[in-house]
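Everything below concerns the one structure shown next.
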Amino acid sequence: TRGEHGEVPDGFLADGEQLWQRRVRETEAAAEILGVARTEFLGYVDSGMMGTPTNDAPGSFWTASVDEAADNLAAILREERADVLTCYDDNGGYGHPDHIQVHRVGMRAAELAGTPRVYQNTMNRDHMARGMRAFAEEAAAAGIELPDPGDREGFGKPESVITAAVDVSPYLDHKRRAMRAHASQISEQSFFLAMPDQAFAHAFGTEWFIRDGQG
């Protein structure tokens, strides 16, 4: 989707600018930072957060036919001769309806296109809790409020079900700049960008996946 139903502070957008227009530009900017050669939108509308009326609005990704959307994605996978597909885990990371739909559509598209390896991106709950405990004092000194490390249910997956960990620490600068490009979602004052370098490296230096597929 183009993130039509996100929230931004008053005055963030220029006169006449729609949020989806800003988010398309942000996505393209982040893709350039990361060296992504092709960016595609499937044409569905942002479903908003779980339990809101926009979930069931006509054209929302949440209400889309999984097979129809998977057909659209499978066509791209075939064109790119994709060996690997990444998608969200079955809870969409934290229960966002469009993220859950990305899981469903991604798994089906890989099946249709014959993409042999699927990696479901997730968050490592146990790693997250260790990091919050380790950096709690440093964060407090810097005036950064961390989430409760015990309040993790519904976020990511326990370490016991995660099958792959990818060290991306050499690319942390690119990752942080790509996050910063999404200014309508991640402000400079956000927890994600305000945390010290060491804490950022702990939180984002490893990417976690549940492997699906053969080969």
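Projected label points at THR206 and MET49, each 7 Å from Cα along the beta carbon direction, are separated by 3.0 nanometres.
Shown for the chain: the carbon plus sulfur share of the solvent-accessible area, taken with all protein chains present and a 1.4 angstrom probe, equals 50%. Ellipsoid semi-axes for the chain, based on the Cα gyration tensor and the rule √(5λ), read 28, 23, 17 Å when sorted largest first.
For ALA37 and ALA134, what does the FRET efficiency come to when R0 = 25 Å and r is the distance between their Cβ atoms, rounded to the nearest 0.05? The partial results should precede the final answer.
Working: r = 37 Å, r/R0 = 1.49.
So, using R0 = 25 Å, E works out to roughly 0.10.
Rounded to the nearest whole angstrom, the semi-axes of the ellipsoid equivalent to region 68-115, taken from the Cα gyration tensor as √(5λ), stand at 20, 10, 7, largest first. Accessible surface computed residue by residue for the chain, with neighbouring protein chains in place and a 1.4 Å probe, gives 57 Å² per residue.
When ARG81, ARG180, ARG23 are compared by accessible area at a 1.4 angstrom probe, the order from most to least is ARG81, ARG180, ARG23. Taking 7 Å steps out from each Cα toward its Cβ at ASP167 and VAL8 produces label points 3.9 nm apart.
The values are calculated or read from the model by the stated rules, or taken from the named source; none is laboratory data. In this text the structure is predicted, and so the values were computed from the model without any measurement. Ideal geometry is used to build each Cβ from the backbone, glycine not excepted, and the neighbour counts take in all protein chains shown. Remember, those area values only see protein heavy atoms, side chains included, never the ligands or the DNA or RNA. Shrake-Rupley method; radii C 1.70, N 1.55, O 1.52, S 1.80 Å.
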